[in-house]
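Report on one structure; see the data block that follows.
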Amino acid sequence: MPEIKVTPLGAGQDVGRSCILVSIGGKNIMLDCGMHMGFNDDVDDELEIKAYYAGHVLGAAMVHIKVGSESVVYTGDYNMTPDRHLGAAWIDKCRPDILISESTYATTIRDSKRCRERDFLKKVHETVERGGKVLIPVFALGRAQELCILLETFWERMNLKAPIYFSTGLTEKANHYYKLFITWTNQKIRKTFVQRNMFEFKHIKAFDRSYADNPGPMVVFATPGMLHAGQSLQIFKKWAGNDKNMVIMPGYCVQGTIGHKILNGQRKLEMEGRATLDVKLQVEYMSFSAHADAKGIMQLIRMAEPRNMLLVHGEAVKMEFLKGKIEQEFSINCYMPANGETETVSTNPSVPVDISLNLLKREMALGGPLPDPKKPRTMHGTLIMKENSLRLVSPEQALKELGLNEHQLRFTCRVQLQDPHSDPDTLHRIYTHLKSVLKGYTIQHLPDGTVMVESIVIKVSSSAEDTNTKVLLLSWSYQDEDLGSFLSTLLKKGLPSGLC
Amino acid sequence: MAAHLKKRVYEEFSKVVQIPHEEAPAKKLRLSKPSKSAALHIDLCKATNSTDALQYLLQFARKPVEAESVEGVVRILLEHYYKETDNSVRLKIASLLGLLSKTQGFSPDCIVDDAINTLNNEKSHQVLAQLLDTLLVIGTQLPESPAVRQRLIEMACKHLSDTYFGVRNKCLQLLGCLGTVDTPLTKDNEGLGTSTGGVRDVQSVISDYFGDQDPRVRTAAIKAMLQLHERGMKIYQIIYDQACRLLSDDYEQVRSAAVQMVWVLSQLYPESIVPIPSSNEEIRLVDDSFGKISHMVSDGSWMVRVQAAKTLGSMLQVSPHFLEQTLDKKLMSDLRRKRTAHERAKELYASGEFSSGRKWADDAPKEKVDTNAVNLIASGACGAFVHGLEDEMYEVRIAAVEALCLLARSSPSFAEKCLDFLVDMFNDEIEEVRLQSIHVLREISTHITLREDQLDTVLAVLEDSSRDIREALHELLCYTNVSTKECIQLALLELLKNLNKYPTDRNSVWKCLKFLGSRHPTLVLPLVPELLSTHPYFDTPEPDMDDPALLVLVFNAAKSCPTLPALFSDHTFRHYAYLRDSLSHLVPPLRLPGRKQLYGLDSVDSGCGSGSVESARLFLQQSLNRVSTIQNLEAPGAQDLLDFTIRDLQRLGELQTELAGAADFCATYLRCQLLLMKALQEKLWNMAVPLCLKQNAMATAAARQILEETYKLEFLYSGLESRQVATIHHVRLQAKALQLVLTARTRRGLEPLISSSEKFLQEVESFQRLFLTELPHLQDSFVEKVLELMPRLSSCKPVELVKILQTTLRQSGLLQLKLPEQIHRATATIIEPTGESDNPLRFTTGLVVALDIDATLEHVQDPQNTVKVQVLYPDGQSHVIQPKPGDFRKPGPDRHRLITQVYLSHTAWTEPCQIEVRLLLAYSSSSSSSSKPGWSDSTDSLPPPEAAIEGTIPFSKPVKVYIMPKPARR
């Protein structure tokens, strides 16, 4: 039985690490392992790879890997809810043997993004109207662009004038790529980019260190996202003392970072060198995560219709819950191997066979051109396996190709029957009996004392000992095996008495 | 080479001469028309290869064929069809056959047999499909012939088992378009694998192909079934299960069609009971299908999602339980139940605490959820709209919003529930979606009351930079119910802020405040001291009269709250008097203590409400009845009576706005009659012709005026029934008769008279044609008499005709006007420019200046095509400008808003001067119903239809704009 083996090397029941080894159709594939820039990886001829839109960040993709008729889909990180700059992940009904999905939010169902967005915008707007400054610590890629687009369009819609700054560095480079790959963004940006590329920000300008001391309201996006170092921390220190200001944390903060501390309500922070910092500004938390939630994962499974499911990138407990749900809803097997464990899934690949045209035509002439789901038919042919190819041909052609003579195989069988009539009479009685039972078959009573049903020959002779016991001789060829055995059992039951 | 080619051309021409010799007898019969069939025959014979033949056929298809020669052409084509070996040529011929059988006036029953015969011998699948298409055309052309229909259906059944999908598609299409219930089909069972023999009906034959291997055929099968439904055949309920199975097809077009099919069945059998699989419960079919279609809202293909979302809106019979599930969402975080933002907002509101939102994790999940109870995959209707409203494609979101609207309109409790979701949509990234959701909220606003937090979200949109959004929102606020006085205060604040930021919204904001005040008088009452900033001891500054927003709110609230005026200070009364005059459309008449004598008239007006409308309607009817007593146009005193009635009606229209349309309409009609009467009573009729030139001029002017008025009557008023239109046309006919009589008297020479009398007779005929059904109502009228005399009129000399007309005109009675139920006059008001500015618009001559125009139009049908802007320059030049279709917006029923720019330009002036801008209503009336062209461009040979009468009616007051084109500086 062909199999697909999956061994997670870093991603099994674990968040934050990755790499999965897949063996499929005799090929070994490493997923999510990172590549050395500049190395050329040879892709096998028999390997087919198809990328699907994943929506997590710009350019994120799910891959469909196919070897022969066995296939695996690896999702990577994906997002099933569209946002302001990216669309939702999408896959067709590709029915892979295994779907390997991330499961970061296996036990979460999220609220609509609209409420979150509205809250975010309202808070920023109110602070700016009050004359306060807003600091939004972000990481360079992904959510930063989402929030930029969100604020940019809001500023545009509401005709606001307060400046928005973007801290320089990696983010600028990232924005450049966003401008280039418009086709990978969502419907709105794709539709309006003819008039204006949405990433050519009108209201968002590059940040300079000196701007932090400018009077008046402003919004600043600064890296890094957890307030542990760098520009965002510097600005935070400057602004923390004023209760008009606000800091909005758009994502998760690791324990120990300043971000984590202030989110937990700490109002006095110890800085390096004994100095303490009074935090008077408002602290807001807002989750703008771009992973699929439990509903999203289920939706993807519904779209792809896989035969098996494999969860990675998540905590074991949470996976357990989702696994149960998947098995219950879709009644497919779901696996969640730990790092180093190998899961083996046996597949049932379809084997392509060439069928000869003559055979097909003959079949069509027999039973009409179109397959009818209500009346399945059997078809007789010979399967020739030769040099890695399978062909289905008619028996005659097979004989010819293989240079063999045709051998006839006949079954003969004797049936004893109690019948007081003479031999020809008995034969006639059998003939009429069969005629009434087998409608739609050709039954002939031949003058040489035999009855032919299709190719089956029936003869009658009296037994030597007892003239009342007749011996029927049935003979049929291998091809008519079904009919022959039916006849023999029928005749063993004897003839009905009502026959003349 | 060229010479050689030329020679060949001549050779071919010589052939052209030869062959007609053989067909000469046939040609003689067909009169002088050149025989198309002959020409085609020659062409096709000439064709040496298939490309040539195709070329000839293509050329041939461009020209029309007369109905009488179609059959001949078809024969020629068929002849070539049998000879032809090339598939593409046969295909073209087959398509031509279909095209030809559509020719008007040609009945294709004579070619049915031939077409069916060709089908029997055809081998190519493509040609076969095309031939079936031709049969379909023929079948639809012959709806009355059951025999042909039966034969065609048999042909379709026979070819259903073809291997090519196109043929099966066409067969199914044919069955869908022609199949009937009463004639069961016999599938012949020779040589067909799929046939089961016996009698089957169309529906089961078609439904066999729901399981075809080709998705295109499956789609065609569903479409055919839908076609049967459209033709009024009742689809069997057994189809439901099959259709439901197709909802999970691999191909999107199949799923999309299946959604429609399921919907159709849910409308046919809403109350029948279906079992739920894997349980022994049963539910109503409409609920089941609602669940299934809801499921499709999260389909993989957006086309299907749009289709499903749209469909949901029209399933009004669904039970409330299922309906409410569509908005269901349960949130969860780490397996703990979490409340949605909507629920939190509601609780905050209920507990009286105002939004905190400062704490991290104030939305922290509380209770633990039972892992078994969590439903991760949306089953059935669960959360369908939650999905649809958050969809990636805005088409789906709009469809979902519209569906929400339809469902909410029929279910108040659902309206209440979907409120939060609609309000959320105000924040969508695409303006169209935002606008649509604002409109939807307005439409369902009768069912709902906004909570403070919801109102807050709604009001945030007031700062939007798009004018459409803001105005839609103002419109919404006009109809909104709010619950507390804080809400009123909030709305007022935001509206004032809006006014500050966008001063152009002035009118719209004031109107909004007017409604806000009159809807919530009791909520405004406690706010009045604050709003008017009155103080028990101190005199406070008077409000600025240029910014009457607050006063508009207060006065409108005072209208239905009699205790409110007691809180006014002295200057408020003075302001009221001023505003009541200057902004009478915004400030209602109030009954103020001690001022009764001043506003006596107003208070009477406001006091009687709906009763006055009834009495006014009665008065209108009485006036009309009185007028109808005038038997003869020459009766003494008739003129006076008409004069007074017209005066009465005009005044009535001014007083009673509800009846303004009807009153104006009657007055105008009566004025026509009066004019006619006056023209006929002149002494001129008794005088010798040369003596009465002056009187003649008056009568001519009257006739012209009547004509103009009749056009106004016909096109300015909406809600007319054909009876009124007939009456109007009748007056027009009278005016034309008058004109004819006058021409006969003034002009010498018979030539013009003959042509104009012929024209008049044509008009009478077309009147008869157009208003055949109305003729019984026109008894004893001018036209009836004319029609009686028609045989004589058409044969007699023009002079005699004129004489007869003259007496008929004078003898005929006044036609009584019957008022339709609803009649409205199209009106337009130019809001901007206001015409008050003293600063001229300066621009350099030769260049253009753009003038912003903002106008509201009421009761105008199809304004995109009819409304035009006219600019009149002082030197008499006038320009008519057609605004872009996108400049018209529709803020409400029967209301349009025109916001456009017109470009002005002129040569240099020495002084600034005023130009006039006004709106025109364009009309075009063709007296004869124009005949539709047959196919392709067949009109070029026909004479153009009778010249349509086109014209414009000014329907807005002109506005003066000061402009100053300066000479260019060199």
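Since every read-out is calculated from the coordinates, none of them should be taken as a lab result. Since we're looking at a predicted model, the values are computed, not measured. Every residue, glycine as well, gets a Cβ built from its backbone with ideal geometry; the counts of neighbours run over all protein chains shown.
Tell me, Kirkwood radius of chain A from alpha-carbon pair distances, in Å?
On the way: mean 1/r = 0.0336 Å⁻¹.
This gives a value of 29.8 Å.
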Taking R0 as 56 Å and r as the Cβ-Cβ distance between B:Ala968 and A:Ser287, the FRET efficiency 1/(1 + (r/R0)^6), rounded to the nearest 0.05, comes to 0.35
Set the bar at 19 Å for Cα to Cα. Now go through A:Lys122/B:Lys497; B:Lys329/B:Lys417; A:Lys191/B:Lys310 and name every pair that lies beyond it. A:Lys191/B:Lys310
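In the structure displayed, which of A:Lys179/B:Lys884; A:Lys238/A:Lys261; B:Lys884/B:Lys957; A:Lys161/A:Lys237 lie more than 23 Å apart, Cα to Cα?
Values: A:Lys179/B:Lys884 34 Å; A:Lys238/A:Lys261 17 Å; B:Lys884/B:Lys957 21 Å; A:Lys161/A:Lys237 25 Å.
From A:Lys179/B:Lys884; A:Lys238/A:Lys261; B:Lys884/B:Lys957; A:Lys161/A:Lys237, over 23 Å: A:Lys179/B:Lys884; A:Lys161/A:Lys237.
In deg cm²/dmol and to the nearest 500, what is the mean residue ellipticity at 222 nm of chain A if only DSSP H runs of at least 4 residues count, each as -39500 (n - 2.57), divided by the residue total? Display every interim value, and only then the final one.
Numbers: 12 runs with 139 residues, N = 500.
Helices in chain A give a 222 nm mean residue ellipticity of -8500 deg cm²/dmol.
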For each of B:Thr773, B:Thr134, count neighbouring Cβ atoms within 10 Å of the residue's Cβ, then give the residues from fewest to most. B:Thr773, B:Thr134
Please list the radius of gyration and Dmax for the protein assembly as shown, considering alpha-carbon atoms only, with Å as the unit. 43.4, 146
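Please state, to two decimals, what the Cα-based radius of gyration of the stretch A:305-370 comes to when divided by 2.2 N^0.38 Å (N = residues). Walk me through the numbers before you get to the answer.
Working: Rg = 21.4 Å, N = 66, 2.2 N^0.38 = 10.8 Å.
So the Cα radius of gyration is 1.98 times the expected 2.2 N^0.38 Å.
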Given points 7 Å out from each Cα along the Cα-Cβ axis, report the B:Thr910 to A:Lys386 separation in nanometres with one decimal. 11.0
For the stretch A:100-172, what ratio Rg/Rh do Cα atoms give with a Kirkwood hydrodynamic radius? 1.04
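Taking 0.36 nm per residue of sequence separation and subtracting the Cα-Cα distance, how much length would be gained by fully extending the chain between B:Thr743 and B:Val613, in nm to one decimal? Could you put the intermediate results ahead of the total?
Values: separation 130, 0.36 × 130 = 46.80 nm, distance 4.62 nm.
42.2 nm is the gain from fully extending B:Thr743 to B:Val613.
Evaluate E = 1/(1 + (r/R0)^6) for B:His535 and B:Ser837, where r is the Cβ-Cβ distance and R0 equals 41 Å; express this FRET efficiency to the nearest 0.05.
Working: r = 38 Å, r/R0 = 0.94.
Efficiency at R0 = 41 Å is approximately 0.60.
Pairwise over distinct Cα atoms, reciprocal of the mean inverse distance: report the Kirkwood radius of the stretch A:209-318 in Å, one decimal place. Working shown, then result.
Numbers: mean 1/r = 0.0596 Å⁻¹.
By the Kirkwood definition, the hydrodynamic radius is 16.8 Å.
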Using label points projected 7 Å from each Cα along Cα→Cβ, tell me how many nm separate B:His571 and A:Leu21, to one decimal. 8.9
Inter-label distance for B:Gln59 and B:Asp250, nm, one decimal - labels placed 7 Å from Cα along Cα-to-Cβ: 4.9
In Å, what is the Rg of the alpha-carbon atoms in the stretch A:1-104, and how long is Dmax? 14.2, 47
For a paramagnetic label modelled at 7 Å from the Cα of A:Glu48 toward its Cβ, which residues of the stretch A:289-325 fall within the zone defined by backbone nitrogen distances under 20 Å? A:303-308
Would you mind checking which residues have amide H under 5 Å from A:Asn339's amide H? H placed 1.01 Å from N; only 5 or more apart, or other chain. A:Gly12
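Grab the Cα-Cα distance for B:Asn121 and B:Ser722, subtract it from 0.36 nm times how many residues apart they are, and report the gain in nm with one decimal.
Details: separation 601, 0.36 × 601 = 216.36 nm, distance 5.46 nm.
Full extension from B:Asn121 to B:Ser722 adds 210.9 nm.
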Computed P(r) (all Cα pairs; the stretch B:492-558; 10 Å bins; percent): 21, 50, 26, 3
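Taking 0.36 nm per residue of sequence separation and subtracting the Cα-Cα distance, how much length would be gained by fully extending the chain between A:Val457 and A:Ser475, in nm to one decimal?
Working: separation 18, 0.36 × 18 = 6.48 nm, distance 0.53 nm.
Extending this stretch completely gives an extra 5.9 nm.
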Using a Förster radius of 51 Å, what is the FRET efficiency between B:Lys234 and B:Thr48 based on their Cβ-Cβ separation? Nearest 0.05, please. 0.35
PRE reach from B:Ser88 (point 7 Å along Cα→Cβ): which of the stretch B:117-144 fall under 12 Å by backbone N? none
Using alpha carbons only, what's the Rg to Rh ratio of the stretch B:436-489 with Rh from Kirkwood? 0.94
Going down the list A:Lys5/A:Lys66; A:Lys133/A:Lys202; B:Lys511/B:Lys960; B:Lys759/B:Lys785; B:Lys102/B:Lys123; A:Lys50/A:Lys188, which pairs span over 22 Å between their C-alpha atoms? B:Lys511/B:Lys960; B:Lys102/B:Lys123; A:Lys50/A:Lys188
Residues in the stretch B:798-830 reached by a label modelled at B:Leu789 [backbone nitrogen below 14 Å; 7 Å Cα→Cβ]: B:798-813
In sequence order, calculated HN-Hα J values of the stretch B:663-673 (Karplus, 6.51, -1.76, 1.60; Hz; x Gly/Pro): 5, 4, 4, 5, 4, 5, 4, 5, 5, 4, 5
For the stretch B:774-842, which GluC sites (Glu not before Pro) are in a loop by DSSP, counting at most 13 other Cβ atoms within 10 Å? B:Glu821, B:Glu836
Loop GluC sites (Glu not before Pro), the stretch B:204-308, which have at most 12 other Cβ atoms in a 10 Å radius of their Cβ (DSSP): B:Glu271, B:Glu281
Would you please state the base-10 log of I(q)/I(0) at q = 0.25 1/Å for the stretch A:339-422, with intensities from the Debye formula using one equal scatterer on every alpha carbon? -1.28
For the stretch B:432-541, take N as its residue count and report Rg(C-alpha) divided by 2.2 N^0.38 Å. 1.11
